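Nothing in this text is a laboratory measurement; each read-out follows from the coordinates by a stated rule. These numbers come from a predicted model, not from an experiment. All Cβ positions, even for glycine, are placed from backbone atoms using ideal geometry, and neighbour counts span all protein chains on display.
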Amino acid sequence: GLDGLREDDERVMEFCIEEGKAVILLVNKWDLVKGIDEPKYKELLIKKMAAVRNFPVIFTSCKTRKNIISSLGRIRPLYEKVRKIYSPNELEEVLGKLNNSPEIRNRRLKFEYLKQDPARPRLFTLGIKNPKLTNENLRRYAENFLRTACDFEGVPIKASFEKRAKK
């Protein structure tokens, strides 16, 4: 059947995310599935657990060997992403793109700086003159922007805001 994510699977995913571990979601026995394609099935997984959207989903079959070898090739690059520390110049470039995004420009916000904490999960801190102008939706937007701009698919990250330190 199309069991999708079970309660135990969700707990494991939540634990991995909390601990900052990279995740590749393998859906096995895909050879037995009929009547639904991979993108539609991924949508169903995302409806069950929204965080799935941030991780690669690979459809496999041990019986037919579908995607078994190729999925192993995804592990090393993901490991490198987890370990990546961005230089100040790279962070400044990402910050410029974030500040020029329509979502930020339309709110008339400007982030003064972007810092990366090497702790896991990766924490990116955005400095802003008035943190009261921020909210949970803006934090999620910043996380999604950073995930895309820094190619963090498969890697849990968090964004936070802090009052800009006086110079």
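Overview of values
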{"read-out": "The chain: angle of helix 88-99 to the longest principal axis, Cα-based, in degrees nearest 10", "value": "90"}
{"read-out": "Sparse-neighbour loop sites [chymotrypsin sites (Phe, Trp or Tyr not before Pro); region 93-167; at most 16 other C-beta within 10 Å; DSSP]", "value": "none"}
{"read-out": "Sites matching GluC sites (Glu not before Pro) across region 1-91 that sit in DSSP coil, with at most 13 neighbouring C-beta atoms within 10 Å", "value": "GLU19"}
{"read-out": "Residue pairs, from the table LYS81/LYS163; LYS115/LYS163; LYS21/LYS42, whose Cα atoms sit over 23 Å apart", "value": "LYS81/LYS163"}
{"read-out": "Whole-angstrom Cα spans of region 7-87 along principal axes, big to small", "value": "46, 27, 21"}
{"read-out": "Debye equation applied to the C-alpha atoms of region 9-167, log10 I(q)/I(0) at 0.10, 0.17 Å⁻¹", "value": "-0.45, -1.04"}
{"read-out": "Net charge contributed by nearby residues that have their C-beta within less than 12 Å of ASP117 (K/R +1, D/E -1)", "value": "+3"}
{"read-out": "Between region 30-84 and region 100-116, the Cα center-to-center distance that results, in Å", "value": "33"}
{"read-out": "Local electrostatic count at PRO77 - Lys and Arg +1, Asp and Glu -1, tallied over other residues with Cβ under 13 Å", "value": "+2"}
{"read-out": "Angle in degrees between helix 38-48 and the longest Cα principal axis of the chain, rounded to the nearest 10", "value": "60"}
